[in-house]
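Participant: Please find one structure pasted underneath; my questions will follow.
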Amino acid sequence: MNTQQLIDTARALVCGRKGLLAMDESNPTCNKRFAALGIPQTVEVRRAYRELIATTPGLGESISGAILYDETIRQKTSNGLSFVAVLQQAGIIPGIKVDMGAKDLAGFRGEKVTEGLDGLAARVQEYAGMGARFAKWRAVIAIGDGIPTEGCIDANAHALARYAAICQEAGLVPIVEPEVLMDGAHDLQRCFEVTERVLHAVFNQLHCQRVMLEGMILKPNMVLPGKDCPHQSDATQIADATIRCLRRTIPAAVPGIAFLSGGQSAELASARLNAMNIPSVAKEPWALTFSFARAIQQPALEIWSGNDANVKAAQQALLHRANCNRAARHGEYNAAMERT
Ligand code: 13P
């Protein structure tokens, strides 16, 4: 294991004002988002959409790393360049999603466990050979009546830690993503309690599996009230709760925390990240940044809608979101930016 290389990559992913762009939707997820906008769901259209994203001029000023999906890392742009090469030329570090999705957890109704450990060592070696320098694995934890259970939390935490150890051995920085879902009517406090339990379990397992904390990134949810909760907290309350929860659970050795957006609107995700990074507030040991998919891509996807004539406008919308989140890393985002 090349310890220094892992540390350098992890630091580069969270350096300065940059953050990560998740463009690693599995084919079923990507197709679902295309279908909602009437976009054809074919290999070629998915390729064209990923080309639009990766070739956005200026993206590398706000984006440190981009997470690809297996189909995309094997594809080329219309100029014949691999996506890995296009990202590298833009100064963006290529990464890869390596989990095989969340599946029903046997014996635990309503809960999931993420699969993909079998054969993972060989797969990450192949991806490293293709130029990937980091990887991602997402676990999902639902909040509901009597859930999450310890059984579900432990199974997912164990898989995340095994994945992280396998990645580090192959020289890839693991992005460890335990996502507590926003679905439900639970309040902020319930999300806090569940997120705290989950993060404790994850770091316990990371320790057991000898994962080097300096060479990984955590990708958690923000601590939020459920989507259907009648009382929606403001950005400051969410930032306070999130930071309190992270301080209790995340060792200072972890260089960076890159939030998922999880179904928040693009503007709210930026405003909440911003509230965590206001200079008078921010004196945390880790960089607090973004690793959004929907909160960066969705406005651009809607503008593009599968039409070549809209590529430039869609790229502008993508760049705008990336720039808003870059500003949010230093508490410099405000609603006026949305009107420019
Ligand atoms: P969202 O930002 O859309 O939640 O996606 C992040 C991600 O990578 C999910 O695994």
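Taken together, the values in this text are just the output of simple stated rules run on the coordinates, not laboratory data. Predicted model only: the values in this text are computed from it and were never measured. All Cβ positions, even for glycine, are placed from backbone atoms using ideal geometry, and neighbour counts span all protein chains on display.
Participant: Give the shape of segment 38-181 as rounded, prolate or oblate, defined through the alpha-carbon gyration tensor: a ≥ b ≥ c are the square roots of its eigenvalues, a/c under 1.5 means rounded, and otherwise the shape is prolate if a/b is larger than b/c and oblate if not.
Facilitator: Prolate.
Participant: Mind checking the dipole of segment 209-340: about its Cα centre, +1 per Lys or Arg Cβ, -1 per Asp or Glu Cβ, Debye to the nearest 20?
Facilitator: Roughly 340 debye, rounded to the nearest 20.
Participant: In straight Cα distance, which lysines are under 29 Å from Lys283, not counting same-chain residues fewer than 8 positions off?
Facilitator: Partners found: Lys18, Lys136, Lys219.
Participant: Test of the criteria: in segment 267-327, which trypsin sites (Lys or Arg not before Pro) are in a DSSP loop and have at most 11 other Cβ atoms within 10 angstrom of their Cβ?
Facilitator: Lys283
Participant: Taking a ≥ b ≥ c as the square roots of the eigenvalues of the Cα gyration tensor of segment 217-340, is the shape rounded (a/c under 1.5), prolate (a/b larger than b/c) or oblate?
Facilitator: Because a/c hits 1.5 or more and a/b exceeds b/c, segment 217-340 counts as prolate.
Participant: Could I ask something else about it? From the backbone phi of segment 241-249, what are the Karplus-calculated ³J(HN,Hα) couplings (6.51 cos²θ - 1.76 cosθ + 1.60, θ = phi - 60°) in whole Hz, Gly and Pro given as x?
Facilitator: 5, 5, 5, 4, 5, 5, 4, 6, 10
Participant: On to the next question. Kindly provide the pair-distance distribution of the chain built from C-alpha pairs, with 20 Å bins from 0 and whole-percent values in order of increasing distance.
Facilitator: Cα pair-distance distribution for the chain, in percent: 33, 62, 5.
Participant: Among Leu81, Leu246, Cys191, flag the residue with its Cα farthest along the positive direction of the charge dipole of the chain, charges on Cβ as +1 for Lys/Arg and -1 for Asp/Glu.
Facilitator: The Cα lying farthest towards the positive end belongs to Leu81.
Participant: Next question, about the same structure. Taking every DSSP beta bridge that has both residues in the chain, what percent is antiparallel when rounded to the nearest 5?
Facilitator: Among the beta bridges of the chain, antiparallel pairing accounts for roughly 15 percent.
Participant: Only loop residues by DSSP count here, and only those with at most 12 other Cβ atoms within 10 Å; note down the trypsin sites (Lys or Arg not before Pro) in segment 81-119 that meet that.
Facilitator: Those that pass, being in a loop and sparsely packed, are Arg109.
Participant: Now a separate question. Give the order of Val45, Val194, Val180 when sorted by the count of other beta carbons within 10 angstrom, beginning with the fewest.
Facilitator: Listed from fewest to most nearby Cβ atoms, that is Val45, Val194, Val180.
Participant: Which residue, Gly110, Gly215, Gly119, tops the fluctuation ranking in a GNM of the chain built on C-alpha contacts under 10 Å?
Facilitator: Gly119
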